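What follows is a set of notes on a single structure, which appears directly below.
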Amino acid sequence: MTKETNVIEELEQIELKIAELKKFSIEQNIDLSDDISSLQTKFKTLQKTAHERITPWERVKLARHIERPTSLDYIRYLFNDFIELHGDRLYGDDEAIVSGIALFQGKPITVIGHQKGKTTKENLQRNFGMPHPEGYRKALRLMQQANKFNRPIICFINTAGAYPGKEAEERGQSEAIARNLREMAGFTVPIICIVIGEGGSGGALALGVGNHIFMLENTYYSVISPEGAASLLWKDSSKAQTAAETMKITPPDLLELGAIDGIIPEVLGGAQKNIPLQAEYIRNQLVKSLTELSKLDKEELIDHRYNKFRVMGSFI
Amino acid sequence: MLKNFFTKNKLIKQTQEVKSKIIDNVPKGLFGKCSSCNNITYTKELKNNLFVCPTCGHHMPISAKDRIEFLIDAGTFIEYDKKLSSNNPLNFEGYKDKLKQDMKKTKMNDAVMTGEGKINDLPVVIGVMDSNFRMGSMGSVVGEKITRAIEKAIEKKIPFILFSASGGARMQEGVLSLMQMAKTSAALEKMSKQGLLFISYLTHPTTGGVSASFASLGDINISEPKALIGFAGRRIIEQTIRQELPDDFQTAEFLLKNGQLDMIVPRKEMKDNLTTILKIHSL
């Protein structure tokens, strides 16, 4: 097992011990506050290093964890009255993307997200969260609808990438992604994008042109998968671990490169450990973001988004 | 008999090797070899023919400089942002050397040349990608130059034409390359809202992040015969779906058939064709 897991296990043990001591101290009416507080200090220090010590590859693994909460998981905890809306009105309904309308803190929103499965059966149905063009066109239709009814758009990003297949090419995968990038730039409602798992290249970005972009702590966002980078760079996809470091794909990297606005903390050991709590962390950020963006009028929202992407890049 | 059969094959193979050696030994610059039919033509003649093989009609890749020379009225081209170059934002090992090599080879600082000029007296802002520079891949410099060119077209209220030739986003600049897709597309949205014309010319090859951003967003999308255009690489798709793909897969003709292109225009008709489109939009 990795170092990180050891730290997490150790933390869990300390947490248990603290609970035991507290229980014991109440039951036996003995003052153990000194022991408890020293353990708590130890816990906090260790917790800090745990977050710092996690390697890029470990983040990638957590981002891909089979039990990792999906868009639908967060939708369940974050929104009320969610109604899923289907289809792109052109070709079909792509289940790799889930979308609909709902209430967030009592206000209408449109939510769109990549949807992975947690079982093989579910993953086949969801095409492992890798959309075809009709998925992106469904997303676009829902965003246009949100724009019409003036409700904010919340996007959950979690895909290894847009599906590389024959039919996807025939139906214009490139065009579908490109159009989303352009149209998202022009909407007059707040758009908030959150990478909740994998941020795989253009297939992720097609839901990613937002006023605010956040990443959960154990996610990645990259121009190419670590495996893809490794096989291109060293003709060896097993060097994905090294590529994960070289390519600078973790949330702190992206924050430093100016590609995202912030990092949403994760529950210890990864979001899958406590989904309701993780949803609360996301809720806090959404409330903050929506309050901030609600101060901007329609034109300002477009300008805000434009200026955000306009400064991305580095050159001399 | 079986043995003889193999010897013969070997002989044929040897002759072919010798043949291609001879071809490879032809002094560079003086002659050009068609990558499709292997025919050799004087470079001068090739250039007069806009680098279209006189024997088989194959459209060879051409440099940004040549494309602009063929298309823009003599003496009217003003280049933008010629000096912009990459600062290797990820400190990617070996990247700087590769950039230097390609700068020397192409005499460009990155994979796109932008500027303004006239096409039969009609003013345009133009960008031409050059696949000789890092396979025409898009990093920060390409994204920035294209965005600035679009903003210039907005400012001057004139059409924008972009010739893409690119393997996609540039890996060595990581996620910053990815974000150029959004940056350029956002600029095109701004331009579109002003009622301005954008002609996207997808030349061989236009793939990955470039085909999935500005290259697919023309009011009119044009390509050249047999150009390779697609999102995912052929090999990746074959691995994913575990079946062989048709020969014409991801060619301009394939895209036209599937409704992704407005037209395929032979290079010789490029200038006349663009002139007509520009004229219609100028009236």
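So that you can scan it fast, the table gives a plain yes or no per residue for (1) at pLDDT below 95; (2) out of contact with any strand residue (DSSP E or B) (no Cβ under 9 Å at 6 or more places or on another chain); (3) among the hydrophobic types (A, V, I, L, M, F, W, C):
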{"position": "B:Asp97", "(1), (2), (3)": "no, yes, no"}
{"position": "B:Asp102", "(1), (2), (3)": "no, yes, no"}
{"position": "B:Lys105", "(1), (2), (3)": "no, yes, no"}
{"position": "B:Asp110", "(1), (2), (3)": "no, no, no"}
{"position": "B:Gly115", "(1), (2), (3)": "no, no, no"}
{"position": "B:Lys118", "(1), (2), (3)": "no, no, no"}
{"position": "B:Asp121", "(1), (2), (3)": "no, yes, no"}
{"position": "B:Phe133", "(1), (2), (3)": "no, no, yes"}
{"position": "B:Gly139", "(1), (2), (3)": "no, no, no"}
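Which residues, taken from segment B:194-240, are open to solvent by 20 Å² or more (accessible area, probe 1.4 Å), part of a strand (DSSP E or B) and not β-branched (Val, Ile, Thr)?
Residues satisfying the conditions are B:His204, B:Pro205, B:Leu228.
B:Ser192 - would you say it is polar (S, T, N, Q), more than 7 Å from chain A (Cβ to nearest Cβ) and under 17 Å from the mean Cα position of the chain (by Cα)?
no
Whether any residue in segment A:242-258 is open to solvent by 30 Å² or more (accessible area, probe 1.4 Å), touching a Gly at 6+ places or on another chain (Cβ under 6 Å) and over 17 Å from A:Gly197 (Cβ atoms) is what I want to check.
yes
Take residues that are under 22 Å from the mean Cα position of the chain (by Cα) and of a type outside the set (D, E, K, R) and tell me which of the strands (runs of 3 or more DSSP E) falling wholly in segment B:39-122 contain 3 or more.
Per the criteria, B:112-119.
May I ask you to list the residues in segment A:197-212 that are within 10 Å of chain B (Cβ to nearest Cβ) and either surrounded by fewer than 24 Cβ atoms within 10 Å (Cβ to Cβ) or over 18 Å from A:Pro131 (Cα atoms) (or both)?
Across segment A:197-212, the qualifying residue is only A:Gly210.
Residue by residue through segment B:241-268, note down the ones that are among the hydrophobic types (A, V, I, L, M, F, W, C) and part of a helix (DSSP H, G or I).
Matches in segment B:241-268: B:Ile241, B:Ala252, B:Phe254, B:Leu255, B:Leu256.
Which one is farthest from the other protein chains (Cβ to nearest Cβ) among residues in segment B:149-166 that are more than 14 Å from the chain's Cα centre (by Cα) and touching a residue at least 60 places away in the same chain (Cβ under 8 Å)?
Looking at residues that are more than 14 Å from the chain's Cα centre (by Cα) and touching a residue at least 60 places away in the same chain (Cβ under 8 Å), I get B:Pro159.
Select from segment B:153-203 the residues that are among the small types (Gly, Ala, Ser), over 19 Å from A:Thr188 (Cα atoms) and touching a Lys or Arg at 6+ places or on another chain (Cβ under 7 Å) and list them in ascending order.
So the first thing to find is which residues in segment B:153-203 are among the small types (Gly, Ala, Ser), and the list is B:153, B:164-169, B:174, B:177, B:182, B:185-187, B:192, B:195, B:200.
Going one step further and asking which of them are over 19 Å from A:Thr188 (Cα atoms), we end up with B:153, B:164-169, B:174, B:177, B:200.
Result: B:Gly174, B:Ser177.
Hey, A:Glu280 hits all of (1) more than 14 Å from chain B (Cβ to nearest Cβ); (2) surrounded by 19 or more Cβ atoms within 10 Å (Cβ to Cβ); (3) farther than 27 Å from B:Met191 by Cα; (4) at pLDDT 95 or above but one; which does it fall short on?
(2)
Quick one: which residue in A:Arg126, A:Arg171 is within 12 Å of chain B (Cβ to nearest Cβ), within 20 Å of B:Ile237 (Cβ to Cβ) and touching a residue at least 12 places away in the same chain (Cβ under 8 Å)?
On the way: A:Arg126 fails: within 12 Å of chain B (Cβ to nearest Cβ).
When all the criteria are applied, what remains is A:Arg171.
Show the residue pairs that are 6+ apart or on different chains and have beta-carbon atoms under 9 Å apart, the first residue being within segment B:230-250 and more than 8 Å from chain A (Cβ to nearest Cβ), the second being open to solvent by 60 Å² or more (accessible area, probe 1.4 Å) and of a type in the set (D, E, K, R).
Listed pairs, sorted by first residue: B:Glu238/B:Glu244; B:Asp248/B:Lys226; B:Asp248/B:Lys257.
I want to confirm something. Restricting to segment A:12-36 and keeping residues that are more than 25 Å from A:Lys273 (Cα to Cα) and part of a helix (DSSP H, G or I), which single residue is least open to solvent (accessible area, probe 1.4 Å)? If you could, list the steps in order and put the result at the bottom.
First, the residues of segment A:12-36 that are more than 25 Å from A:Lys273 (Cα to Cα): A:24-35.
Now restrict to residues that are part of a helix (DSSP H, G or I): A:24-28, A:33-35.
Details: A:Phe24: 97, A:Ser25: 24, A:Ile26: 133, A:Glu27: 117, A:Gln28: 103, A:Ser33: 58, A:Asp34: 121, A:Asp35: 80 Å².
The qualifying residue least open to solvent (accessible area, probe 1.4 Å) is A:Ser25.
Any idea which of A:Ala206, A:Ala160, A:Ala185, A:Ala178 is under 17 Å from A:Pro56 (Cβ atoms), of a type in the set (Gly, Ala, Ser) and at pLDDT 95 or above?
Result: A:Ala160 is the single residue among A:Ala206, A:Ala160, A:Ala185, A:Ala178 that is under 17 Å from A:Pro56 (Cβ atoms), of a type in the set (Gly, Ala, Ser) and at pLDDT 95 or above.
Kindly indicate whether A:Asn218 is touching a strand residue (DSSP E or B) at 6+ places or on another chain (Cβ under 6 Å) and more than 10 Å from chain B (Cβ to nearest Cβ). Let's see the steps before the verdict.
Numbers: touching a strand residue (DSSP E or B) at 6+ places or on another chain (Cβ under 6 Å): no; more than 10 Å from chain B (Cβ to nearest Cβ): yes.
No.
Every residue in segment A:259-271 that is open to solvent by 30 Å² or more (accessible area, probe 1.4 Å) and in contact with a His (Cβ under 7 Å, 6 or more places away or on another chain), please. Steps first, answer last, please.
Step one: filter segment A:259-271 for residues open to solvent by 30 Å² or more (accessible area, probe 1.4 Å), giving A:261, A:263, A:265, A:268.
Scanning segment A:259-271 gives a single hit, A:Asp261.
Among (1) within 14 Å of chain B (Cβ to nearest Cβ); (2) open to solvent by 50 Å² or more (accessible area, probe 1.4 Å), which single condition is A:Ala230 missing?
The failed condition is (2).
Within segment B:124-148, restricting attention to residues that are aliphatic (A, V, I, L, M) and crowded, with 24+ Cβ neighbours inside 10 Å, which residue is nearest to the other protein chains (Cβ to nearest Cβ)? So that I can check it myself, show each step before the final result.
Going through segment B:124-148, the residues aliphatic (A, V, I, L, M) turn out to be B:124-126, B:128-129, B:135, B:138, B:141-142, B:146.
Pick out the ones that are also crowded, with 24+ Cβ neighbours inside 10 Å and you get B:125-126, B:128-129, B:138, B:141-142, B:146.
Working: B:Val125: 18, B:Ile126: 20, B:Val128: 19, B:Met129: 16, B:Met138: 10, B:Val141: 5, B:Val142: 9, B:Ile146: 11 Å.
Restricting to residues being aliphatic (A, V, I, L, M) and crowded, with 24+ Cβ neighbours inside 10 Å, the top hit is B:Val141.
The values are calculated or read from the model by the stated rules, or taken from the named source; none is laboratory data. None of the values given here were measured: they were computed from a predicted structure. Quick reminder, even Gly has a Cβ in these numbers, built from the backbone with ideal geometry, and neighbours come from all protein chains shown. To get the accessible areas, we keep the full protein, side chains included, count just its heavy atoms, and leave off ligands, DNA and RNA. Shrake-Rupley method; radii C 1.70, N 1.55, O 1.52, S 1.80 Å.
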